[in-house]
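Some notes on the structure that comes next.
The values are calculated or read from the model by the stated rules, or taken from the named source; none is laboratory data. What you see is a predicted model, and the numbers here were worked out from it, not measured in a lab. Glycine gets a Cβ as well: all are built from the backbone with ideal geometry, and neighbour counts include every protein chain shown. For accessibility, only protein heavy atoms count, side chains too; no ligands or nucleic acids. Shrake-Rupley method; radii C 1.70, N 1.55, O 1.52, S 1.80 Å.
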Amino acid sequence: MSDSTPTSVSLNGLARQLIANGVITEESAMQVSADAENSNKSFLSALAENPEVSSSSVSQVIGADFGLPVFDLSRIDPESLPHEFITEELVIEQNALPIMRRGSKLFVAISDPTNSEPLDKYKFTSGLSVEAVIVEESKLAEMRKSVADNSGGLDNNLDESFEFDVENPDDNAGDEDEGSDVDDTPIVRYVNKVLLDAIKRGASDIHVEPYEKVFRIRYRVDGVLQEVANPPLNMAMRLTSRLKVMSRMDISERRVPQDGRIKLKISKNKAIDFRVNTCPTLFGEKTVLRILDPSSAQLGIDMLGYEPEQKELYMDALSNPYGMILVTGPTGSGKTVSLYTGLNILNEPGTNISTAEDPAEINLEGINQVNVNPKAGLTFAEALKSFLRQDPDVIMVGEIRDIETGSIAIKAAQTGHLVLSTLHTNDAPQTLSRLLNMGIPAFNIASAVSLIIAQRLARRLCENCKEKDDLPDNVLLDEGFKQEDLEGLEIFKAVGCNKCNDGYKGRVGIYQVMKISEAMGRIIMDGGNALDIAAQAQEENINDLRQSAMLKIKQGILSLEEANRVTKE
């Protein structure tokens with residue numbers, strides 16, 4: 001401490017109260033005030049650095065002066081803090097920390113009761129009444145630092161100041177008693193951790209599954225399910241109830257399937273949606289959450305894995321003012337991302353785009369999106385009829401499921417509109433047969449459909465650890481390679497390292513992009529089947545899914561094992 005005592009420093013009321021109670025001398029108080037002013041700190045922060053002053057005595061005086069309870073923060077386990085109300089932003093910006101929730105009250109630890117801003121912030125963000133508790137400045141600073149350091153533990157790229165788009169979830173607690181909100185705080189934190197951990201791992205789905213003797217949670221990462229946790233079986237109902245509350249489902253109804261959504265804001269500029277479905281099983285409700293990341297629709301077509309000639313065909317079809325583009329493949333094959341990537345390319349101020357989906361998975365600004373609701377009479381067909389009365393340029397139909405929807409979509413494509421949609425078929429030629437089997441006339445199909453994309457998603461080899469796989473020529477020939485392919489061919493296999501999942505990291509699309517040529521149109525008109533169309537596609541050098549996968553193997557992107565898993569019949 002300096003030998004010269006500042007004379008121009010004024011003491012605040014708190015400093016004078018501490019002097020009056022003998023906690024600090026006037027000379028020391030003036031020196032601390034000067035230090036605080038020079039270092040741009042609060043008086044209490046500067047005082048906490050003075051070894052001659054008892055922090056405990058300071059907090060006792062403050063508590064008595066303001067009539068507030070005093071609490072020893074060292075008695076609190078950081079893991080027991082109400083983390084659902086703690087955000088990194090508030091922890092860093094505000095000198096306060098929530099330490100306990102009891103019913104509708106949130107107890108917040110502060111060291112300086114003259115600053116009401118932290119209490120107002122936590123009252124606003126929590127929606128609860130806030131009670132102040134006085135703690136020592138040094139211990140508060142230490143715990144805030146610990147919480148801030150640990151807040152990025154799941155992913156350094158995630159902002160833990162997340163918010164769930166849920167309205168007063170505890171008000172919907174149904175059959176739970178009034179005091180359960182305190183007991184269920186660990187459940188709330190555990191669910192939040194599961195959701196954030198899934199995002200960190202790049203999962204596409206979360207499966208929460210109760211069985212007779214075990215309860216497990218699995219993530220689907222790169223298309224393959226992985227078991228990640230086995231919580232105690234007695235947590236199953238409470239964890240499922242929490243997910244149902246967050247998804248705005250009826251938690252008292254356990255006999256029928258339900259659908260809902262959760263919106264998770266992980267930063268100021270990014271939010272992740274979860275599409276949630278529950279289904280009653282023998283030993284409780286299985287819950288599946290599908291993770292929908294809007295940023296996936298803005299990756300750009302070059303990131304999806306199309307070969308140059310395939311990309312050119314897709315871009316040409318998108319540039320047409322009319323016609324139908326169909327994307328086909330099983331659930332989870334990336335159809336939605338392919339469609340939205342196309343819509344993103346078309347999304348310009350001069351273009352009127354409308355979509356009918358069940359439900360809308362990714363929100364794109366500038367596109368008019370409609371969720372179909374069959375119970376209310378809003379089917380795909382009804383939405384299409386409405387769109388056609390609103391002067392559309394581009395229409396996207398989530399799925400063609402029946403002849404009525406298919407017929408209206410075909411007519412729209414024939415009358416000056418670009419139509420995009422999906423079907424569930426195994427490859428591109430079978431898509432045309434499927435439309436015929438629905439009852440749509442062959443002439444309409446041949447004249448309206450311009451492009452069909454069949455696709456799969458395969459796990460991409462990890463560039464860090466993949467190794468060359470020495471396979472005999474006869475094995476490669478049996479797998480579909482041609483003799484001329486074998487010269488200089490290098491095939492790689494998955495190994496596994498600390499940067500990937502069993503030798504794979506990320507996924508890549510495998511595509512069959514088939515433009516409907518005049519010859520294919522004639523085959524359709526003549527009543528040809530999928531085999532006839534596939535033969536014509538081969539004559540026109542259109543790779544099928546297997547051939548596209550083999551090309552990815554040659555490029556060192558796929559392993560033969562993964563190509564067989566995804567494409568071999």
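Laid out as a table, the results:
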{"read-out": "Residue match in region 177-190 (condition: modelled with pLDDT of 90 or more and outside any helix (DSSP H, G or I))", "value": "no"}
{"read-out": "Test: residue in region 226-247 that is in contact with a Ser or Thr (Cβ under 7 Å, 6 or more places away or on another chain), more than 30 Å from V513 (Cα to Cα) and open to solvent by 70 Å² or more (accessible area, probe 1.4 Å)", "value": "no"}
{"read-out": "For E84: the one exception among (1) in contact with a helix residue (DSSP H, G or I) (Cβ under 7 Å, 6 or more places away or on another chain); (2) within 20 Å of R16 (Cα to Cα)", "value": "(2)"}
{"read-out": "Considering residues of region 475-488 that are farther than 17 Å from K552 by Cα and open to solvent by 90 Å² or more (accessible area, probe 1.4 Å) only, the residue modelled with the highest pLDDT", "value": "D478"}
{"read-out": "Tally of residues being open to solvent by less than 20 Å² (accessible area, probe 1.4 Å) and within 30 Å of Y219 (Cβ to Cβ) across region 302-333", "value": "6"}
{"read-out": "Qualifying residue in region 538-561 (condition: of a type in the set (G, A, S), open to solvent by less than 20 Å² (accessible area, probe 1.4 Å) and farther than 25 Å from E487 by Cβ)", "value": "no"}
{"read-out": "Failed item in (1) farther than 25 Å from I453 by Cα; (2) open to solvent by less than 60 Å² (accessible area, probe 1.4 Å); (3) small (G, A, S), with G528 passing the rest", "value": "(1)"}
{"read-out": "Which numbered condition A46 misses (of (1) closer than 30 Å to L128 by Cβ; (2) touching a residue at least 12 places away in the same chain (Cβ under 8 Å); (3) among the aliphatic types (A, V, I, L, M))", "value": "(1)"}
{"read-out": "Residue within region 194-203 that is farther than 30 Å from A563 by Cα, in contact with a Gly (Cβ under 7 Å, 6 or more places away or on another chain) and at pLDDT 85 or above present", "value": "no"}
{"read-out": "Residue in region 257-274 that is farther than 28 Å from K335 by Cβ and more than 13 Å from the chain's Cα centre (by Cα) present", "value": "yes"}
{"read-out": "Extreme residue, farthest from A446 (Cα to Cα), among residues of region 374-433 that are basic (K, R) and surrounded by 15 or more Cβ atoms within 10 Å (Cβ to Cβ)", "value": "R401"}
{"read-out": "Filtered residue count, region 98-142, keeping only those that are part of a helix (DSSP H, G or I), in contact (Cβ under 8 Å) with a residue 60 or more places away in the chain and surrounded by 20 or more Cβ atoms within 10 Å (Cβ to Cβ)", "value": "3"}
{"read-out": "Flag if K505 is modelled with pLDDT of 85 or more, within 28 Å of the chain's Cα centre (by Cα), open to solvent by 30 Å² or more (accessible area, probe 1.4 Å) and closer than 24 Å to V566 by Cα", "value": "yes"}
{"read-out": "Odd one out for L90, checked against (1) assigned to a helix (DSSP H, G or I); (2) in contact with a Phe, Trp or Tyr (Cβ under 9 Å, 6 or more places away or on another chain); (3) farther than 19 Å from K145 by Cα", "value": "(3)"}
{"read-out": "Number of positions in region 31-81 that are of a type in the set (A, V, I, L, M, F, W, C) and open to solvent by 30 Å² or more (accessible area, probe 1.4 Å)", "value": "6"}
